Protein chains: 2
Amino acid sequence: MALAHALLAALHQEPGTGYELTRRFELSMGNFWQASHQQIYRELGRMAQQGWLELQLQPQQGKPTRKVYSVTTEGLAALRDWLQQPQPPAVLRDDLLVKLYAGAENPAAVQAELLRHRALHADKLATYQALAAGCFACPQDLPRAEQFIYLTLRAGLSYERQWLAWCDETLSALQELG
Amino acid sequence: MALAHALLAALHQEPGTGYELTRRFELSMGNFWQASHQQIYRELGRMAQQGWLELQLQPQQGKPTRKVYSVTTEGLAALRDWLQQPQPPAVLRDDLLVKLYAGAENPAAVQAELLRHRALHADKLATYQALAAGCFACPQDLPRAEQFIYLTLRAGLSYERQWLAWCDETLSALQELG
DNA sequence: AATACCATGTAAAGAGTTACATGATTGG
DNA sequence: CCAATCATGTAACTCTTTACATGGTATT
């Protein structure tokens, strides 16, 4: 049920529609949680039924009615309750490392894939750095709640930097292996 | 279908039973792939039906028959084929970061959870370091295929070291936030 | 006597992915 | 005119988790 809690956290920060949440899960939250619009719409429906969210309809001309969700008192209580429950660390399931494990079968293919991933991580890192320099230029001046959000961005930076460094280290090890 | 490929990689390194694979997925491979025994037994059955694995039965007295799986020529071909196909980087879905995102609702709870995770990461790091010092003391003397496996262990080390450092950094940021 | 380990599975529920589907508006 | 963006959803499928189930052996 963690998608539900991620949605609670997002909607508690600011109410929004399924579509907007999909965007947010691609940008700021996408850093540590990924969800497709199908998942989000389904989950929002469930959560509204459960009483965690309330729905405000905003009809528009020529467009589907906007369904703006916001967190109810029960929803906030559920979020607070969940914050106190210990959770195991995220599980890692990484194709690239499976490939490296069997890398002796085709070192060139693995090397190519490492280079590709290196580029993807470098891109993400650049995106996060731009975000940090832009919206979070002076973190100590931010409202309190946003300082916590800034700390999640720092996690993204640290995560991408680590993979980038590991790709480089591994590529040179492969060079030496020949 | 990536569990299938992780199993191919594991069984290509050395044939084994579902139970043994479950152990291996807890130890060396658990570093980058996690799978429960239920998943593993089911997937092994499917893969055998598909012709990727062959099965050798070793009856035992007083115990269930051991079912030792090994990779067939088709299985190896499937693994080699998969090695060449580009794959997106692993997705991260981390409860802890969702909690931090909503951390303003209960900073103390988040701090406690960070400390708990810090300890878990420190434990894992120690386990990997012991493995590196033990089985992989002289990596350059290892057989070629195991040098690739060693590189996946280095990923685990890097990953845990990064989370540990991030936990520390974030904990001191929380101190300052008060 | 109890716990842990070996060794295998089934069933059901929950979460996530992929494909399909619609229709207006805006920018190049 | 085509592609992208806004905005919503359904259906089918796959993958993962949790719970249930059995039974012998070894250790404390």
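List of remarks:
- Protein heavy-atom accessible area occluded, B/A pair - total, 1.4 Å probe, Å²: 6700 Å²
- Net charge of neighbours whose Cβ lies under 11 Å from the Cβ of B:G30, counting Lys and Arg as +1 and Asp and Glu as -1: +3
- Inter-copy label distances at B:Q140 (7 Å, Cα→Cβ; nm, one decimal): 4.8
- Long-range Cα-Cα pairs in the stretch A:105-178 (distance over 16 Å), rounded percent: 56 percent
- Simple spin-label estimate for B:R93 and B:A112 in nanometres, 7 Å along Cα-Cβ: 2.6 nm
- Three principal axis lengths of the stretch A:87-130 [C-alpha, angstrom, descending]: 38, 30, 8
- Chain A has one residue whose beta-carbon comes closest to the axis relating it to chain B; that residue and its distance in whole Å are A:Q162, 2.
- Debye, to nearest 20: dipole size of the stretch B:134-174, +1 on Lys, Arg Cβ, -1 on Asp, Glu Cβ: 140 debye
- Convex hull volume per residue, computed on the Cα atoms of the stretch B:2-84, equals 90 Å³.
- Within the protein assembly as shown, helix-based [θ] at 222 nm, where runs of 4 or more DSSP H residues each add -39,500 (n - 2.57), nearest 500: -21500 deg cm²/dmol
- Note on B:R46 and B:D123: with the Förster distance fixed at 45 Å, the Cβ-Cβ geometry gives a FRET efficiency of about 0.85.
- Convex hull volume per residue, computed on the Cα atoms of the protein assembly as shown, equals 184 Å³.
- Among B:P15, B:P107, B:P59, the residue with the largest mean-square fluctuation in a Gaussian network model of chain B, with springs joining Cα atoms closer than 10 Å, is B:P59.
- Computed from the Cβ-Cβ distance with R0 of 30 Å, the FRET efficiency linking B:A132 to B:T65 stands at 0.25.
- Which of A:L100, A:A122, A:L157, positive extreme of dipole for the stretch A:95-177 (C-beta unit charges): A:L157
- Its Cα centre serving as origin, the stretch A:23-178 has a Cβ charge dipole (Lys and Arg +1, Asp and Glu -1) of approximately 660 debye.
- Accessible surface ranking that places the most exposed of B:E160, B:E105, B:E26 first, with a 1.4 angstrom probe: B:E26, B:E105, B:E160
The values are calculated or read from the model by the stated rules, or taken from the named source; none is laboratory data. In this text the structure is predicted, and so the values were computed from the model without any measurement. We place every Cβ from the backbone using ideal geometry, glycine too, and count neighbours over all the protein chains shown. Side chains included, ligands, DNA and RNA excluded: accessible areas come from the protein's heavy atoms. Shrake-Rupley method; radii C 1.70, N 1.55, O 1.52, S 1.80 Å.
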